[in-house]
Amino acid sequence: MLTVLQKLSGTIRRFAFHSGGNVAMLFAIAAIPLLLAAGTAIDYTRALRAQSRLQAAVDAAALSAAMEQTGELAKQKSAGAIYFKSNVENSELATAEPTISVDSEKVTVSADMSYPTSFMRLAGIDAMNISGHAEVALQKEDNVEIVLVLDYSGSMEKNSKYIRMRDAATGMVEQLTANAENSTVKFGLVPFSAMVRTSMPAEYVTQASAGPTWTGCTQDRKAPYNIGVSTPDPTNDDTKWGYIDTNGSENAVPKYDCPMYQTKRLDILPLTADVAAVQAKLAAMTPLGNTNIPLGAEFGWNLLDPAAPFSEGVSYEDDTTKKFLVLLTDGVQTSGHWGPKGNRSVDNGNDNLAKVCLGMAEKNITVFAIAFDIKAAAITKLLKDCAPGNYFEAEDDELSGVFEAITSRIEKSMLRLTR
């Protein structure tokens, strides 16, 4: 027995090829508007996609023009035009020309063009008009929280690398806070080597002396707490940080002990809007000891997290604030970390860095990673994976340029499209 679909198909075929009268002609005439409708839908879909791409190019051009903060209108317009062209070249939008205007309050960019059709030509419609429009307020509006996780291991003394790091970081602080009248910019600092020195409630530290606050040196918590930011349970030592007097058993000598971290001024600075305090801290710190990259990243994330032991960060749900972490190191991991099997090893540390970076990404924290004077492929891969799209390499005097590039990306995030 034939199905309903088969019967209908057969009926249509017989109708189309019926030799009597004008049935075949009528069928052909009736098919024309159906084909035109289908073709119109295809043209319309293509035009919508092109308009989306045109709008994206206009948005990028407006942001780029707003970022050109020389105060010279010609340079701002040129920057916007160059960025627009770079986004549409070698595409069907290449003939579009942007109109860019700049005044004391905003940048405005618009563009429109006739987008050629294919099927709609049958109805006498050769093109469809598509357009894009964007406005960007020149005053930065979004708030930012930035934690600089900086390598202060002993190797940073070579050729005074830590001084170039200090100067580049100081430049970032000055630039991001110079034109932020409508924004709150907070900085935090995590100077790391084999340990970090910090203050936190004593109930979150094993072996801490009695008192509301503990100050001292520590390494990572036991797994899996060292790859996240959960607040320690005062009744469970496994969740806490532990007091460490020396810089690992391999360096159990006075010059690497915790008091030397104090002498070198290597204390964590929680998030603060006090620019002078951040600058003074950067100016005071000097290198010491081995390298513990995931420890720095772990504490950097904790500074950005709103929960204890550091509570200066705003909620992740605050849509007016963006969070950033800048991680810089000049060497490979040399300190052991707790792993899931209850052992400590350097390999665990490398694995933990990847997990910490993934955790931050899931919280929409943008991570920038800088390999400073590093040749080892193992660590450069770790850093690339940690900060996809935001990885930089620098040698010697290139570092200031890298910090300027990162600063520019952060500044762009503070601008808001207001169209």
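The values are calculated or read from the model by the stated rules, or taken from the named source; none is laboratory data. Remember, it's a predicted structure, so these values are computed and weren't measured experimentally. Reconstructed Cβ throughout: ideal geometry from the backbone, glycine too, with neighbour counts over all protein chains shown. All accessible areas refer to the heavy atoms of the entire protein, side chains included, with ligands and DNA or RNA removed. Shrake-Rupley method; radii C 1.70, N 1.55, O 1.52, S 1.80 Å.
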Original post:
Filter the stretch 297-314 for residues that are open to solvent by 10 Å² or more (accessible area, probe 1.4 Å) and either outside any loop (DSSP other than H, G, I, E, B) or modelled with pLDDT under 95 (or both); which is farthest from P287 (Cα to Cα)?
Top reply: S311
Original post:
Can you tell me which residues in the stretch 154-170 are crowded, with 17+ Cβ neighbours inside 10 Å and either modelled with pLDDT under 95 or in contact with a His (Cβ under 9 Å, 6 or more places away or on another chain) (or both)?
Top reply: G154, S155
**OP:** Enumerate the helices (runs of 4 or more DSSP H) found wholly within the stretch 346-419, keeping only those where 2 or more residues are more than 25 Å from S160 (Cα to Cα), open to solvent by 50 Å² or more (accessible area, probe 1.4 Å) and without any contact (Cβ under 8 Å) to a residue 60 or more places away in the chain.
**Re:** 346-362, 377-386
Subject >> From A178, A210, A273, residue being more than 30 Å from F403 (Cβ to Cβ) and out of contact with any helix residue (DSSP H, G or I) (no Cβ under 6 Å at 6 or more places or on another chain) >> reply: A210
Original post:
What are the residue pairs meeting all of these: first residue in the stretch 192-220, first residue in contact (Cβ under 8 Å) with a residue 40 or more places away in the chain and assigned to a loop (DSSP other than H, G, I, E, B), second residue among the aromatic types (F, W, Y) and open to solvent by 10 Å² or more (accessible area, probe 1.4 Å), Cβ atoms under 8 Å, and 6 or more apart or on different chains?
Top reply: A194/Y256; D220/W338
Subject >> Residue selected from the stretch 181-194 under the condition under 18 Å from N143 (Cβ atoms) and more than 20 Å from the chain's Cα centre (by Cα), by the criterion least open to solvent (accessible area, probe 1.4 Å) >> reply: N182
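Does at least one position in the stretch 185-208 carry a residue that is under 30 Å from A65 (Cβ atoms) and hydrophobic (A, V, I, L, M, F, W, C)?
yes
This table checks each residue for (1) within 23 Å of C258 (Cβ to Cβ); (2) of a type in the set (D, E, K, R); (3) under 24 Å from the mean Cα position of the chain (by Cα).
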residue: L138; (1), (2), (3): no, no, yes
residue: D151; (1), (2), (3): yes, yes, yes
residue: G154; (1), (2), (3): yes, no, no
residue: K158; (1), (2), (3): no, yes, no
residue: A168; (1), (2), (3): no, no, yes
residue: C217; (1), (2), (3): yes, no, no
**OP:** Taking the residues in the stretch 315-343 that are within 30 Å of A394 (Cβ to Cβ) and open to solvent by 50 Å² or more (accessible area, probe 1.4 Å) as candidates, determine which candidate is modelled with the highest pLDDT.
**Re:** K322
**OP:** Hand me the list of strands (runs of 3 or more DSSP E) wholly inside the stretch 78-142 holding 3 or more residues that are in contact with an Asp or Glu (Cβ under 8 Å, 6 or more places away or on another chain) and within 13 Å of D59 (Cα to Cα).
**Re:** 106-116, 127-137
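Run down S110, S86 and say which single residue is in contact with a His (Cβ under 7 Å, 6 or more places away or on another chain) and either open to solvent by less than 70 Å² (accessible area, probe 1.4 Å) or aliphatic (A, V, I, L, M) (or both).
Just a single option satisfies the conditions, and that option is S110.
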